[in-house]
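Enquirer: Below are the structure tokens for one structure; questions will follow.
The values are calculated or read from the model by the stated rules, or taken from the named source; none is laboratory data. Note that the structure is a prediction, hence the values are computed from the model and not measured. Please note that ligands, DNA and RNA were not included when accessible areas were found on the heavy atoms of the full protein model with its side chains. Shrake-Rupley method; radii C 1.70, N 1.55, O 1.52, S 1.80 Å.
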Amino acid sequence: MAEQPANYYDILEVSPRASAEVLRAAYKSLMQRHHPDKHGTDSRMAQRASLIAQAYGVLSDSRQRAAYDAQLARQQTPRPTLSAAHAPSNTRRAAAPAPRSNWYLWLLATVIALCGAAMWALSGKKPVTRPDASAAQPPASQPVAQKPETASPTTTDSSSKASDSKAPSPLQIALLGSDLRIVLASTEPLPENLEASRHILTIPALTVDIGPADADKFASSLTQHKETVLAKLADKLVYASYPELKIDGDKYLARFIQDALREITGTQGLDDKTSTSANSTPANTEAPRYGIVAVTLPASFGLR
């Protein structure tokens, strides 16, 4: 049996500074490569898949990952050696630079003060005297005129531009007519025909948001091929991560389904055929949204 890697990052073959997206991609790739269902009765692959799932279960959780990183840092911290902090006191005093004289700063300040006094004398300006406080106040019988308030043109223009550039709302359709039941791929070797030992994922409802670009045409095509799309989606959901379903829940499942549906329908949420001109305003620089732009789970999924 191969020697176990030094830590969880080595198991997932990623850097300790890897982001959550990189960890997720590495986990999916390794599980597809080492999944025991693809290698029959090879116990090494089953143990390897179990280690991959264990490593990802720790590193995908921010708290567990922080604690694990602290543990690795303690294991890898070298012993302190004799440095300048432990050097004899007479050595440190000898290395300290001698204080520099600040006479030139006093000279510079004196020159600046003399120049200012000379400029004031040459200008010939009389000192400003403060008027009497009583003279500054208007008589009680005379009302103080107030300047009428006018609407700011900048605010009006910005509000009108914001209303003109408001994007249309996406079209939302329901994709499931009944519960979708998925048997997740197991990361541990199981006896033959023992499905009850596997994790079961149940999705009661699923809606998708379709971007405004050709929304009716795309929605009609998606509805027409709904059965085929759901069958392909079920094949992909088999490899959903059980640890992430337990940690992130609906957020992870919605993101997983969205990526799967975009791959199945051949859309990435943006129309690549649309380009923007150099004179476009910031509100119109994004291409029209096309295809599946979001996935919503109206009811929480079931998992056992």
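Enquirer: Restricting attention to the range 281-293, does a residue exist that is at pLDDT 90 or above and within 22 Å of the chain's Cα centre (by Cα)?
Expert: yes
Enquirer: Within the range 230-248, track down each residue that is within 22 Å of Gln172 (Cα to Cα) and open to solvent by 10 Å² or more (accessible area, probe 1.4 Å).
Expert: Listed by number, the residues that qualify are Leu230, Ala231, Lys232, Ala234.
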